Each structure stands twice: as structure tokens, then as C-alpha cells.
Amino acid sequence: MCGIFGFIGDRSAAPLLVEGLRRLEYRGYDSTGLVVKNGSLQMYKKVGKVTELSKILPNHIEGDTGIAHTRWATHGSVTDTNAHPHLNRDESIAVVHNGIIENYAIIKKKLESEGFVFKSETDTEVLPHLFAKYLKMGNNFLESGKLVLKEIKGAFAFVAICLDFPDQLFVSRNSSPLAIGLGQGANFVGSDAQSINHLTQKIIYLEEGDYALIKINDV
Ligand code: GLU
């Protein structure tokens, strides 16, 4: 097992992301990472425990939206590069993912033939590139997410963030758990209630195949 945490709202994201990761530690993991949106996507990833990640974080990271991850490697060795989040080429989209994209090899081959360049050995990395492909075709974030879901098979939960849609998180789950927490001027997403119930008691548990667009005051 492993975990996902995400935040969109009215306060500094980084401390919330680190606390979310600590609350997911019991699930087991080999590496961690996070992205905070602040004009660009500020990304930090590290093999090892959350304390190892904390050591490489600046004292203050500006930004009120972000996503974080504890990884249990299934595809690709345990390295900083393979840790999540994963980005598209121009680093405008980031994705954290738990589970397995079963048909990733076919998708990766097709994307590579279309010119997409992969940096990691993970199955996950097809997700930011697929988002990039569908966004470039003129789809909005929600439409792109729905098109990504049509392509992928497997057991997964993921959260995506995009600089071009700064006030939105796209989330989906299929066989891996994911819950959304509804706050005041802020919303949260996490692998379980334990990761968000210190922030809000209003929790929606996503069901198989569900997807959602999370905004600051709306889901
Ligand atoms: N399959 C992905 C990887 O190996 C996600 C693993 C996980 O659930 O943490 O990076």
C-alpha cells in the first residue's frame, strides 16, 4: 500500500502536504514526493521516509495548491527519479498515482512514437503525457481527464494538477481507495479518512470508476 494527499485552498500547501504524508506512513512506502503550485510546479522527491523528504524542503514554499505521494514501487526501481509526482515535458502537469496502469507499455510506445519523452521507468508517467496530449488538442482539464480514463486499464487512484487550470485538481479511482474532504475555503483529497479527518469531518468516498474535479469551493 501507499498513499496520496492533495490540497487546494486558502493557505500554505506545503505543511499540509507533509502532515498528510505523515498520516499515510502506516500504509508502507519506499519513497515520497510532492509538488506545490507557485507560478511553476515546485517539485521535491526523495527515496526513504517522510523525514528524508523534509530535509530537502526549503523552510517555506510559497503556494496554496499541491499534491503529495508515498510510493510503493511496482514499475521501476526505488530511485528519486521514479518517485512521484511525475511531470509532462514542459512541467506544466504533475500526477501522483497509486496502483498499476496495466496497459502502460502499449500507451508508452504509442506516446514515444508521437514524440513524447519519458524520464522514469514507471507506469505512472504515461498519465502526465496523456493529459498533455489531450490538453494540447484543446480539451479542458476535466475533458482531458475523462479522455485519459478511456485509455487506461488497471487498479489505480490518481490526482493531477495543471498550471493552465490553477484552481483545479482532477482525481479518479478504480480499485484503489480515494476520499475527498470538504473544507471551508479549501478542499482535500487523500487515500483514506485518516489523512484528512484532522482537517474536516465532511468526507466523500469515491466509488469504483468515479472521477471528480476539485476546486476551492466546489467539487
Ligand atoms: N505503479 C506506480 C509506481 O511503481 C505506483 C506505485 C504505488 O502505488 O505507489 O511508481
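Share of carbon and sulfur in the accessible area of region 29-84 stands at 49%, probe radius 1.4 Å. Extent of region 92-173 along its three principal axes (Cα atoms, max minus min coordinate, largest first): 31, 27, 22 Å.
Sites listed here are trypsin sites (Lys or Arg not before Pro) in region 99-178 whose DSSP assignment is loop and whose Cβ has at most 11 other Cβ atoms within 10 Å: Lys119. Measuring nothing but how far apart in sequence close Cα pairs (under 8 Å, 6+ apart) lie, relative to its length, the chain scores a relative contact order of 21 percent. Put simply, when 160-167, 82-89 are sorted by average Cβ atoms within 10 angstrom per residue, most first, you get 82-89, 160-167. Where only DSSP H runs of four or more residues are counted, the chain gives -7000 deg cm²/dmol as its mean residue ellipticity at 222 nm, each run worth -39500 (n - 2.57). In units of the rule-of-thumb radius 2.2 N^0.38 Å, the chain shows an alpha carbon radius of gyration of 0.91. For the chain, the solvent-accessible area with a 1.4 angstrom probe is 42 square angstrom per residue.
The values are calculated or read from the model by the stated rules, or taken from the named source; none is laboratory data. This structure is a prediction, so every number in the text was calculated from the model and none was measured. No Cβ is skipped: glycine too gets one built from the backbone with ideal geometry, and neighbour counts run over all protein chains shown. SASA here: full protein model, heavy atoms, side chains in, ligands and nucleic acids out. Shrake-Rupley method; radii C 1.70, N 1.55, O 1.52, S 1.80 Å.
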